[in-house]
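A quick write-up on the structure given underneath.
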Amino acid sequence: MTTITRPGLSVSVPSSWRRRRGDPAHGVVVSARAPVLPPSGVRPEIVVRTTTVDHDDVVAWRRDALAGLADVLDDLAVEDDDVYDLDGHEVRYQRFAHRVGSADVLCDQWAWLVGGLAVTLTCSAARDDYPDWCDVFEAVAETVDVGPG
């Protein structure tokens with residue numbers, strides 16, 4: 001794993017994945033893609049984004065964000081939704097599906113909101129490939145550390 005550190009955030013991504021330069025203007029800290037294209041034709045991807053939010057209500061923030069995603073993603077459907085405590089921070093987890101062309105894509109998304117810093121980790125793969133990648137996605141999520149910057 002390769003660790004990426006920014007003020008208030010660190011996360012590790014698989015070393016073999018192809019990392020693309022972040023896009024701070026759009027809140028992208030890191031974007032990484034699997035080195036091999038699966039038979040589905042959808043390359044698994046990990047994206048970490050940050051923004052600032054003027055409140056500490058992770059549920060309201062993610063509800064609004066999901067409504068925005070519904071406007072831009074085809075056939076968005078939430079399949080799992082949970083809020084839990086991780087190291088004293090409330091974390092929102094959602095798994096949702098959407099279509100990219102003819103592919104059915106699953107996304108695991110974790111969201112942290114700490115002191116106004118909003119962080120999302122989104123991991124995606126074709127539904128057919130998801131069982132091969134979900135453990136990798138969870139391992140990346142376990143490395144996220146959001147704290148004072």
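Could you check how much of the accessible area of the chain is carbon and sulfur, as a whole percent, using a 1.4 Å probe? Result for the chain: 48 percent of the exposed heavy-atom area is carbon or sulfur. Kindly identify the stretch 1-85 as rounded, prolate or oblate by the Cα gyration tensor criterion: order the square roots of the eigenvalues as a ≥ b ≥ c, call it rounded if a/c is under 1.5, otherwise compare a/b with b/c, prolate if a/b is larger, else oblate. Here the stretch 1-85 falls in the oblate category. In plain terms, the chain from SER15 to HIS55 could stretch by 10.9 nm, reckoned as 0.36 nm per residue minus the Cα-Cα distance. The stretch between GLU90 and ALA70 holds 4.8 nm of extra length on full extension. This uses 0.36 nm per residue minus the Cα-Cα distance.
Heavy-atom accessible area, probed at 1.4 angstrom with all protein chains present, ranks ARG19, ARG33 as ARG19, ARG33, highest first. Comparing Cα centroids, the stretch 45-79 and the stretch 104-149 end up 12 angstrom apart.
What the chain shows is 52 Å² of accessible area per residue, with the surface traced by a 1.4 Å probe over protein heavy atoms. For n ≥ 4 DSSP H runs only, could you compute -39500 (n - 2.57) per run for the chain, divide by its residues and tell me the 222 nm figure to the nearest 500? Here the helix-only value at 222 nm equals -6500 deg cm²/dmol.
The values are calculated or read from the model by the stated rules, or taken from the named source; none is laboratory data. Everything numeric in this text was worked out from a predicted model, so none of it was measured. What goes into the accessible areas is simple: the full protein's heavy atoms, side chains included, and nothing from ligands, DNA or RNA. Shrake-Rupley method; radii C 1.70, N 1.55, O 1.52, S 1.80 Å.
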